[in-house]
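The values are calculated or read from the model by the stated rules, or taken from the named source; none is laboratory data. The structure displayed is predicted, hence computed values, not measured ones. Using ideal geometry, Cβ is built from the backbone for each residue, glycine included, and neighbour counts are taken over all protein chains shown.
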Amino acid sequence: MSQDSLAIILRVGSGILFALMVACVKAMSDAAPTGQIVFYRSAYALIPLVGYLWIRGEFPKGLKTKYPIKHVFRCLTGCCAMFASFATLAYLTIAESTMLTYLSPIFVVIFAQIFLKEVVPAVRWVAVILGVFGTGVLVVPELMNSRTDNESYLIGVSLGVLAAILTAASIIQIRNLARTEHPAAIAFYFALTCAIFGLCTLPFGWAETDFKQEILLLGAGLFGGFAHILVTTSFQLGEASKLAPYEYLSLIWAVIIGVTIFGNIPSLSFYAALPFIVGSAAIVAFKEGFRRNMPR
């Protein structure tokens with residue numbers, strides 16, 4: 001098996017594991033507060049992450065950092081993004097929540113020009129417009145539908161967009177950190193920070209969980225941890241531009257899980273918005289890959 005083929009298999013596998021993680025979180029969204037879910041997801045994710053680093057001989061030396069303050073800001077934005085993303089699942093279907101995550105590359109384009117002073121080509125601004133239009137196509141028909149709980153739906157969409165914005169801000173910070181920091185340090189400190197912030201919500205009240213719910217929380221953490229390992233390894237083996245198309249398979253897994261497990265049938269507005277939002281993210285991804293592969 002070629003290295004590229006293995007990278008693709010790992011990338012697809014990571015997408016499936018992330019989808020299973022989201023399913024576990026969705027199943028717990030009505031049974032436990034978001035902070036409790038964030039804690040268990042992050043704490044359990046540390047098990048495979050630390051094990052992976054130890055096997056590679058990168059624990060604890062791989063955790064050394066020259067810029068602890070930068071990690072603090074990255075972890076704060078990433079942690080807030082996780083809280084918003086998990087809260088979204090209490091209001092929207094897995095498919096809708098997953099599709100809103102594809103707005104992140106659009107905000108990355110905007111933030112890259114504002115904070116990194118990058119020159120943004122016109123084609124990326126076209127992608128931004130497509131993404132905004134697609135969001136409107138998704139939201140407006142649902143708000144006009146008398147069967148939709150407008151308040152809950154608006155809260156869900158707002159949280160989903162907020163999660164995308166915070167994820168984009170986190171990505172910008174990761175770009176900066178990755179120039180000098182080990183990927184192990186970035187992943188470890190993020191999971192640790194999320195676990196700590198999740199634990200801080202304990203005084204506000206956590207739900208009592210039964211055995212089945214404990215398994216779901218364990219699954220969320222382990223699926224998330226192993227998914228991170230697979231996606232990291234895939235990018236070490238293959239080129240990001242070649243792996244980018246397989247990112248969009250996650251929406252297929254989300255639809256399948258939503259229909260088979262939760263009985264959520266995607267609406268017509270979902271399918272109408274799909275090409276605009278996914279297309280906008282794809283334009284940004286492929287443009288970035290083309291730019292990196294240009295001869296210099």
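Filtered by the rule that a residue be surrounded by 16 or more Cβ atoms within 10 Å (Cβ to Cβ) and either over 21 Å from residue 142 (Cβ atoms) or among the small types (Gly, Ala, Ser) (or both), the stretch 249-274 gives 250, 253, 254, 258, 267, 269, 273. Of the set (1) under 16 Å from the mean Cα position of the chain (by Cα); (2) crowded, with 19+ Cβ neighbours inside 10 Å; (3) under 25 Å from residue 169 (Cβ atoms), all apply to residue 39 but (1).
The number of residues in the stretch 198-215 that are without any contact (Cβ under 8 Å) to a residue 12 or more places away in the chain and under 24 Å from the mean Cα position of the chain (by Cα) comes to 2.
Number of residues in the stretch 42-64 that are surrounded by fewer than 17 Cβ atoms within 10 Å (Cβ to Cβ), small (Gly, Ala, Ser) and either assigned to a helix (DSSP H, G or I) or modelled with pLDDT of 95 or more (or both) equals 1.
Among the residues in the stretch 77-84, are any within 15 Å of the chain's Cα centre (by Cα), crowded, with 17+ Cβ neighbours inside 10 Å and not hydrophobic (A, V, I, L, M, F, W, C)? Yes, the stretch 77-84 contains at least one residue that is within 15 Å of the chain's Cα centre (by Cα), crowded, with 17+ Cβ neighbours inside 10 Å and not hydrophobic (A, V, I, L, M, F, W, C).
Based on what the data block shows, is residue 108 in contact with a helix residue (DSSP H, G or I) (Cβ under 9 Å, 6 or more places away or on another chain), farther than 15 Å from residue 168 by Cα, part of a helix (DSSP H, G or I) and not aromatic (Phe, Trp, Tyr)? Criteria not met by residue 108. The single condition from (1) part of a helix (DSSP H, G or I); (2) of a type outside the set (A, V, I, L, M); (3) closer than 19 Å to residue 35 by Cα; (4) touching a helix residue (DSSP H, G or I) at 6+ places or on another chain (Cβ under 8 Å) that residue 206 fails is (1).
Per the conditions (1) in contact (Cβ under 8 Å) with a residue 60 or more places away in the chain; (2) over 26 Å from residue 96 (Cα atoms); (3) surrounded by fewer than 17 Cβ atoms within 10 Å (Cβ to Cβ), the sole criterion not satisfied by residue 189 is (3). Among the numbered conditions (1) in a helix (DSSP H, G or I); (2) in contact (Cβ under 8 Å) with a residue 24 or more places away in the chain, the only one that residue 92 does not meet is (1).
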